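The values are calculated or read from the model by the stated rules, or taken from the named source; none is laboratory data. Just so you know, these numbers come straight off a predicted model, no measurement behind them. Because the Cβ atoms are built from the backbone with ideal geometry, glycine has one as well, and the counts that use them run over all protein chains shown. What goes into the accessible areas is simple: the full protein's heavy atoms, side chains included, and nothing from ligands, DNA or RNA. Shrake-Rupley method; radii C 1.70, N 1.55, O 1.52, S 1.80 Å.
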Amino acid sequence: MVESRVADREADEQDSQKEKMNLRRQDFVRLKSVGFQHGAIVVAIMTLWASANAWAQQTGMILAEGVSIAGGFFAGVALAFLFHEWGHFSGARLSGSISPVLGQRKSFFMFNFDLEKNSRGQFLAMSLGGPLANWGLVVVVLVTLPVINLATIMLLAATIGVAINVCIFELPVIQRVFHGAAPGQALPQRVAEQGRSGWLSKSAGLLVGAGVFLGLGVL
């Protein structure tokens, strides 16, 4: 009887290990797929933006200038959201949290963070990763791109604007969880607060981005 129980326990452990390995393998395959897709998106975004920028510089046409500025805005916003999501994901994985890559994805959202099973510290690591990645993108733009024309200035302004909005929304959540609030309560509370907030709070990032664009490119 005892030997039978031991054998059953060993069989269960082996099955559990196999299941974990299958889940890890599935997660890795999904992560490679997401990385390829997002990498292709980044290359496409930068290629289109660079083409519009070159068109504007070579021709000096008003239409070309307008397209390049609009391209800078959309490129900056898209890159900011991509960096933000990968920042959250990096924070989650570095903290060792349960954060499987989604099989079916919407927009840029790529993984699921288990609020019930992960700790407060892991939630904070995941949360901080997003804003840090956004400001990291701002630094990358400043270091790698010469901010000498309107298209590049708009790209920079867009990344700064998104970073500001991210901090306005997420820093209160991070602060509350750091001081003991449950992540599952702090996050919905902040969503509700954001819905009730005025236009100034919702538009702060847009206003700051517009100020950066006007200050560097127009004035």
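Under a straight-distance cross-link criterion of Cα-Cα below 18 Å, which lysines are reachable from Lys117, leaving out those fewer than 8 residues away in the same chain?
Output for Lys117: Lys20.
Could you please state how large a percent of the accessible area of the chain is carbon and sulfur, counting protein chains only and using a 1.4 Å probe?
Carbon-and-sulfur percentage of accessible area, whole number: 66.
For the stretch 28-143, divide the Cα radius of gyration by the Kirkwood radius and give the resulting Rg/Rh value with two decimals.
1.10
Which order do you get for Arg120, Arg30, Arg196 if you rank them by accessible area with a 1.4 Å probe, largest at the top?
Arg196, Arg120, Arg30
If each of Leu31 and Val143 carries a label point 7 Å out from its Cα toward its Cβ, how far apart are those two points in nm?
2.4
Could you give me the ³J(HN,Hα) list for the stretch 207-217, computed from phi with Karplus coefficients 6.51, -1.76, 1.60 and θ = phi - 60°, whole Hz, x at Gly and Pro?
5, 5, x, 5, x, 4, 5, 5, x, 8, x
Taking only protein heavy atoms into account and a 1.4 Å probe, give the accessible area per residue of the chain in Å².
59
Pairs of Cα atoms under 8 Å, at least six residues apart: use those to get the relative contact order of the stretch 146-219, whole percent.
Worked out over the stretch 146-219, it gives 53 percent.
State the percent of C-alpha pairs, over all pairs in the chain, separated by a distance greater than 22 angstrom.
Value for the chain (Cα pairs over 22 Å): 61 percent.
Could you calculate the contour length gain from Leu63 to Leu48, that is, 0.36 nm times the residue separation minus the distance between their Cα atoms, to one decimal place in nm?
That pair, Leu63 and Leu48, stretches by 3.9 nm at full extension.
Which Cα, out of Phe109, Phe81, Ala52, lies furthest along the positive dipole direction of the stretch 49-119 (beta carbon charges, K/R +1, D/E -1)?
It is Phe109.
Based on Cα positions only, what radius of gyration and what Dmax would you give for the stretch 89-181, in angstroms?
Rg, Dmax (Cα atoms, Å): 15.7, 49.
What is the gain in length, in nm to one decimal, between Ala210 and Phe109 on full extension, counting 0.36 nm per residue of separation less the C-alpha to C-alpha distance?
That pair, Ala210 and Phe109, stretches by 33.7 nm at full extension.
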